[in-house]
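Take a look at the structure below.
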Amino acid sequence: MKNFNKETSQSRRAFLRTASSLSIAGTAGPFALNLAGIGAAAAQTAGDYRALVCLFMYGANDHNNTVIPYDPASYAAYTGVRANIARTMADLLPLTPTTALTGPNAGRQFALPKEMSALKTIWDGGKMAIMANVGPLIVPTTKAQYTNLSVPLPPKLFSHNDQQSVWQASAPEGAKIGWGGRMGDLMVSQNANSVFTCNSISGSAVFVSGQATVAYQLGTSGPTAISSITGSLFGSSTASGTMTTLITSGGNNVFTQDLAETTQRSIDANAKLSAALATAPDFPLPAELATSSVGAQLRVVARMIASRSQLGAKRQVFFVSLGGFDTHDDQLTTQPGLQAQIANALAYFYNTTVAMGIADQVTAFTGSDFGRTLTSNGDGSDHGWGSHHFVVGGAVLGQRYYGTFPVMGLNNNDEVGSGRLLPTTSVDQFAATLARWFGVSASDMSLVLPNIGNFSTSNLGFMNS
Amino acid sequence: MATTTNACDIARSTASNSAPFEKIRTLMRKAAALCAFVLLAMTALPAQAQAQDYVGFWWKPTESGWGLTIQQQGNSTFGVWFTYDAQGAAIWHTLTCTFSGSTCAGDLYTGTGTPLAQITGSANLVAIKSGTGTITVTGTNRLSLAYTVGGVTQTKTNLEPQNFGTADQVPFCSLQSLTGAGARAALTNYTDHWWGGAAASGWGVQISHQGNQVFAGWYSYNPQGKASWLTLQGTQDPNNARRFTGSVYQVNPGIPFSTINGPVAQSSITTVGTFEFNFADGENGTFTYTLPGFSVVNRSLAIQRFAIAGGAVNVCSVSKANAVSANDASRFLSQATFGPRMSDIDAVSQSGYSAWIDGQFAKAQTLHLPPVTAYLNTLPIDSQKGQTAFQWSIWKNFATGDDALRQRVAFALSEIYVVSLNSNIAFSYPRGPANYLDMLGTNAFGNFRTLLENVTYSPMMGLYLSHLKNQKENAATGATPDENYAREVMQLLTIGLYELNQDGSLKLDAQGKPIDTYNNADVSALAKVFTGLSWAGPDTSNNRFGGGGSPVDANKEIKPMQAYSQYHSTSLKQFLGVTIPATTVANTNGEVGIALDRLFNHPNVGPFIGKQLIQRLVSSNPSPAYVSRVAGVFNNNGSGVRGDMKAVIRAILLDPEARATPTAGATTGKVREPIVRLVHWMRAFNARSADGKFLLGTTSDPATQLAQSPMYSPSVFNFFRPGYIPPNSRVGGQGLASPEMQITNETSIAGYLNYMRGVINAGVGTRTGGVNDIQADYTAELALSTNPGALVDRVNLLLTGGNLSPGTRTLIVNAVSTINIGTSNPNADMRNRVNLAILMTMATPEYLFQN
């Protein structure tokens, strides 16, 4: 069995290397056998359902005003640097963890801004964890190593588009495979309809693109049917059939072929998902989310999860997002409303999974381009690196902090200038903890997160499993 | 009554009686095209000094059924006006005139002669002066015909040449000094005035020859000996290029000329016989016809090309120097504009690419700010103004601006120099964004350094990338300057992240790694340079810097930002190898100038910006050589000037890689942006706004609209990234980028198709009285609706430059043919055919990928 497992792992690597299994000639024999083995093994263990939901805060959420120092010394240091962009004490909702912070963080206390009261409720219920100072790293990195460039650093730090990509896919803009998509590659065989393995309700996102798994992109109104391929079209009863042929015919080059293929996927997915959603609960959004895009996105996720049996889904990855966090200006005006949306949307979603009786099987987490500077640029903050994030779900070991909070202030070893945080936990570790819960084996973890082997642990402990 | 001379030696034939014109109810598929005067496109630009060439058939698409033929020899012009008399009977009038400038005025003649069925030689014309007529050139491919006939004085405007063959086979005619017998014997295009010769005059055929088709107006006499006409439509014998056979058609009744206000009824068109042209050479032939209703069987008459004795003659051929095929012109216009109108295709076909670009460079800019301001002035002073008027103006100028190249490049620049209305700017500054897009349009034909300067000082960019009100560092509070603009002006607006070779490839260091163009220290230092800028106004007070101040400058949102020395950093600034020493006196504008000069002169700008402009207009994946050629022009326009945008645009559009005819499987090209597709529809089908302002707002919803709206990108990173590679794709598998595919997905594909179905069918925009404001004018397409092949060919030319594969074309033609044109509502049926042809074409991957 040990040998079999090893072979399995190798075959998975091969599978992931050969996109869409286009060609495994030469080694087809053993690999084909082993692939069959994977399917059989998966079938045996696929009695449950799990979903991971990434909520990405585009533009880079200011973490300093999200998980806010609350103990007097830290708060004083915070207001001392932030000056006019600091939140006032009266606006803070202090958090009480089940276990007080220890070690370098002993005595530290933190709070959420009042706009995020809905998340505090979940925290208090033990279903939300806070991940401190997480960000892209290739290896564990000290400030000296950063300054001396003596270890490899993530490419294009502080650049929005690149760090969005690094966060989602361990590589800058141009990356084609994200860690959500790689998990999909490993899990797709458990799903009856592969198309619904990785889903974005927020347009293109590399996070949900795998090597073999294509992200299905749908809108906040659910799947969209193409009206002209059914029924009468401009007075012709047969034109709709021709229309189907025309829009799904690939033409003579790779662009037209890709366009046709996406169209075919649109048609197929719509047929299946529309039918499934027809009987799904409505899960109406509360009034405070009536105009919220991210709320509407999470509603679609909830309804798809409710349809999981009809869709034959066992493992699903979802991507939703909210933009507008690049608060170089007017931060105190802009950010609170966005934070309220995030908190209310996550709470709505979590409560919906509770109502479905599936909260233990659904985990949502936040991501963002990067953190922001601690310093003020007048009325906003600039591009940073490490940030704090939330994990919400029934399987979360919540009401606890994970990782290490930085020293509050400037000119220390936790920051690389203007209070830009040097991450103490890598996104890979954060992701691996989620992936492990999702079902990725330890031996497959480096397929999902190529640099995970550079870190001492791949399980930060915030997930029950 | 004197007969006309020269060309009007059409006269003199014998008359007799014959059976009345008999109606033959057999409607040929091309009947509609026939009753429409099928015409040629071969005009030259009116402004040129040489003799003008307006040879061909001219018609008014909205009044299909009558027309004007023009034959020319130099400025000497012979026209035949084919129309209907007060009783609706077909009648012709000749017009002999000489062009002087843009007008050609003369007397109109009609007459009597030998009835058609009895003509064997001369028709014995007795010419009768019927009035006066004037042809006036009113624009490229546009004429008007003014006349006074029988007490009726009218002017028919906007006559246009009609193309009935494949447009790239439309002949071009030019004046040539060919004299003497047989001088034109070698010609293989038969477009001209053909007659029986001096001894058999009084009748003739005005032939138009396009590709393998001929169409002719046959002017003769009815059984009562009155001037009348029939039309001929024939096809070339595949085995004998000099032989054409086809049918003879009659329109009866027509609409009396003085009351024509629409197309002639379909039911008036009948087939009355068959004919054959057999040309012995380019000058002589026989005309054979059988007209059962006229008791004429297999009559043959000799015909010859008409010539003014001793004069130069107009020679028509299917090619001329610098001419461009219609498909190539259409393809070019899809790159250079939001998409071609038929008149644009004509213009490029005739002038060639380079002259067309020159013409575009000379056109006045169609602006957004004036109409936006005019509209705002009509609103209550305290109303919420927003961007409504700007959105309208965007669609209007994109769709109808005469400066089509500038509009297209301005849009491309708006996707690089992004100021998005998907921000608070939209609510507070109703004029600033319009002025910003105008500024991009102005600089589209200017110099890049000025573009960079104007972008940097724009208060809209200042708001969007937050360097407006940016303050110097404060040691006491620890506050540092806002780094937003400093970073993005390098990363996105000028030099990019990595050192580039001129061909756009990465420079590599000794370890084979890319070389960063800047680091975070450069960003922080440059951020200090961009401090101390804020709103324009009569003073530089702290209040004004902060957005207040009195008096308020009502135009601050459209004025460049001004310097406020008290907020500008005076400390040492070192960036990109430039050192600005610490000073005691703030030098805001001087330092911004130093920084912009440094960026402008960075060798990356040519390849970095040049490649993106290629991607916006021509191809997602230009070859390194293409990028290098364009960057080279950016670096030096040939006269030592760096950053000449006109030269860059010309280089992009005229590059061999842009102009090469695509081959099967070739990947040069790009996915058309959804916005461009919609505007393309507006242009191709001459969309008009009932209100006049193009009342259309945003189109951003991917599920129900276009997933994209002009000036509404989600962030400064535009709707899509230039290096976007679609995951799990064949495109990506070949290592190719496809920026537009970043907004192409399962939802947006469906949303686009559904949206266009509605738009094509019912127009788009604000609905008033059940009608959308923006409506296409499908007149020309409707005229072809009885001929699905011709209809699809026209749509294919307009939308894809003839890019549909034969198989796709056949599918669409067959689908269109399934819509029966019934008797209860034939107009609706014909409209359905047009709708379907357009929707299907715009739905195909072959359209969506512009190559």
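Remark: C-alpha extents of chain A on the principal axes read 72, 57, 42 Å, sorted largest to smallest. Distance between the C-alpha centres of the range B:687-725 and the range B:514-587: 33 Å, rounded to the whole angstrom. Just report the Cα centroid separation between the range A:209-249 and the range B:70-114, whole Å. If you average the Cα positions of each part, the centres end up 54 Å apart.
Here's how it looks for B:F849: its modeled amide H is under 5 Å from those of B:R672, which are all 5 or more places away or on a different chain. Entry note, chain A: the mean residue ellipticity at 222 nm calculated from DSSP H runs of n ≥ 4, each adding -39500 (n - 2.57), is -11500 deg cm²/dmol after division by the residues and rounding to the nearest 500.
So for chain B, Kirkwood radius off the Cα pairs, Stokes-Einstein at 25 °C and 0.890 mPa s: how many µm² s⁻¹? Translational diffusion coefficient: 82 µm²/s. The ranking of B:L108, A:L149, A:L277, B:L799 from fewest to most other beta carbons within 10 Å of each one's beta carbon is A:L149, A:L277, B:L108, B:L799. The order of B:L379, A:L447, going from fewest to most other C-beta atoms within 10 Å of their C-beta, is B:L379, A:L447. Cβ-Cβ distance of B:N636 and B:R659, R₀ of 22 Å, FRET efficiency by 1/(1 + (r/R0)^6): the value works out to about 0.50.
Relative contact order of the range B:303-445, taken over Cα pairs closer than 8 Å and 6 or more residues apart, is 25 percent.
Under the classification rounded if a/c is under 1.5, otherwise prolate if a/b is larger than b/c and oblate if not, where does the range A:419-465 fall, given a ≥ b ≥ c as square roots of the Cα gyration tensor eigenvalues? Judged from the Cα gyration tensor, the range A:419-465 comes out oblate (a/c at least 1.5, b/c at or above a/b). For the range B:779-834, the relative contact order is 42 percent, taking Cα pairs closer than 8 Å that sit 6 or more residues apart in sequence and dividing their mean separation by the residue count. Between B:N75 and A:L332, the modelled label-to-label distance comes to 7.9 nm, taking each label 7 Å out from Cα in the direction of the beta carbon. Structure note, pairs B:K156/B:K693; A:K156/B:K507; B:K60/B:K156: Cα-Cα distances above 18 angstrom occur for B:K156/B:K693.
For a straight C-alpha distance cut-off of 17 angstrom, the lysines reachable from B:K556 (same-chain residues fewer than eight places away being disregarded) are B:K385, B:K469. With respect to chain B, whose longest principal axis is taken over its alpha-carbon atoms, helix B:432-444 is tilted by about 70°. Extent along the principal axes, Cα only, for the range A:55-148: 42, 33, 32 Å, with the longest axis given first.
Per residue, the Cα convex hull of the protein assembly as shown amounts to 198 Å³.
Taking other C-beta atoms within 10 Å as the exposure proxy, B:L463, B:L526 rank B:L463, B:L526 from fewest upward.
Normalising by residue count, the range A:199-270 has a Cα convex hull of 102 Å³ per residue. Averaging the sequence gap over all C-alpha pairs within less than 8 Å and six or more residues apart, then dividing by the number of residues, gives the range B:696-851 a relative contact order of 18 percent. Beta bridges from DSSP with both residues in the protein assembly as shown: antiparallel share about 85 percent, rounded to the nearest 5.
Straight-line cross-link reach from B:K513 at under 14 Å between alpha-carbon atoms covers these aspartates and glutamates, not counting any fewer than eight positions away in the same chain: B:E499. Using a Cα-Cα cut-off of under 27 Å, which lysines could be cross-linked to A:K114, ignoring same-chain neighbours fewer than 8 residues away? Hits, sequence-local ones excluded: A:K127.
Its Cα centre serving as origin, the protein assembly as shown has a Cβ charge dipole (Lys and Arg +1, Asp and Glu -1) of approximately 1360 debye. Helical content of chain B, expressed as a calculated mean residue ellipticity at 222 nm, amounts to -9000 deg cm²/dmol (DSSP H runs of 4 or more residues, -39,500 (n - 2.57) each, divided by residue number, nearest 500). Coupling constants for the range A:182-198 follow from the phi torsions by the Karplus curve (6.51 cos²θ - 1.76 cosθ + 1.60, θ = phi - 60°), and in residue order they are 5, 5, x, 4, 6, 9, 4, 5, 7, 9, 5, 10, 4, 4, 9, 6, 10 Hz; glycine and proline get x.
FYI, it's all coordinate maths here, none of it is from the lab. Note that the coordinates shown come from a computational prediction; the quantities given were computed from them, not determined experimentally. Please note: Cβ atoms are built from the backbone with ideal geometry, for glycine as well, and neighbour counts cover all protein chains shown.
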